[in-house]
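Visitor: There's a structure below that I have some questions on.
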Amino acid sequence: MTDLPTPLAQAPRRPDVHWWLSLGLAGIGLAVSTYLAWVKLTGNVASCGPVGDCESVNNSRYAEFAGVPIALLGALGYVAVLALLGAERRFPRLAESTRLALFGVSLIGTLYSAYLSYIEVAVLRAICPYCVISALAMTAILMVGILRLRLSDSDA
């Protein structure tokens, strides 16, 4: 008997490094935004150390939207990213749709982060390092998401 090559559908899946990278970035973003939401909701002082001015940023009028802390909205955005990444793994047939939804969520998050970064620099003249980390994480999720969409297009 001759050995037949394994069909592609049965070939072992290679680990999706980009998926894991997105998961890690979302975890970082969720941790940072959850911390800032906790600080805002409890009235505690954010520990920025010698870098930045978290208090000026977190106590500004821009730190809330309709009475909801911006950091809490950010945490919900990262939860949405994590849910989409989980759905992609749980429902492989919907992978393309979840990747596209992930692109949309991360695009909105990146644009809003850019606006908030502008507010920090131009209006408040204060930088919150945690906010910068969150903005960079969301932007990186967007860039990895674009790469994942392009790679899935080339696989089709």
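Visitor: Starting from the amide H of E64, placed 1.01 Å from N in the peptide plane, find each other amide H under 5 Å away whose residue is 5 or more places distant or on another chain.
Guide: Under 5 Å from the amide H of E64: I70.
Visitor: With charges set only on the Cβ (+1 for Lys and Arg, -1 for Asp and Glu), what does the dipole of region 17-155 come to about its Cα centre, in debye to the nearest 20?
Guide: 220
Visitor: Still on this model: Counting Lys +1, Arg +1, Asp -1, Glu -1, what net charge surrounds G67 among other residues with beta carbon under 14 Å of its beta carbon?
Guide: Summing Lys/Arg as +1 and Asp/Glu as -1 gives +1.
Visitor: Also, quick follow-up: Work out Dmax and Rg for region 17-155 from the C-alpha atoms and quote the Rg first, both in angstrom.
Guide: Every Cα atom of region 17-155 included, Rg and Dmax give 15.8, 50 Å.
Visitor: Which of the listed residues, S56, P92, V144, is farthest toward the dipole's positive end in the chain, when Lys, Arg count +1 and Asp, Glu count -1 at the beta-carbon?
Guide: Going by the charge dipole, the pick is P92.
Visitor: Among Y78, Y112, which comes first, second and so on when ranked by fewest other beta-carbon atoms within 10 Å? Kindly include the intermediate steps, with their values, before the conclusion.
Guide: Numbers: Y78 26, Y112 17.
Fewest to most other Cβ atoms nearby, the residues stand as Y112, Y78.
Visitor: In which sequence would I141, I133 go, from the one with the fewest C-beta neighbours within 10 Å to the one with the most?
Guide: The most exposed by this proxy come first: I133, I141.
Visitor: Mind giving me the nanometre distance, one decimal, between the label points for R125 and D16, set 7 Å out from Cα along Cα→Cβ?
Guide: 4.7
Visitor: Per-residue counts of other Cβ atoms within 10 Å, averaged by peptide: what ranking do you get for 121-128, 89-96, 29-36, highest first?
Guide: 29-36, 121-128, 89-96
Visitor: Order 17-25, 79-87 from most to least packed using the mean count of other Cβ atoms within 10 Å. Could you put the intermediate results ahead of the total?
Guide: Working: 17-25: 16.3, 79-87: 17.9.
My ranking of the peptides, most packed first, is 79-87, 17-25.
Bear in mind these aren't lab numbers, they're just calculated from the coordinates by the rules spelled out. Owing to the predicted nature of the structure, the values given are computational and were not obtained by experimental measurement. Please note: Cβ atoms are built from the backbone with ideal geometry, for glycine as well, and neighbour counts cover all protein chains shown.
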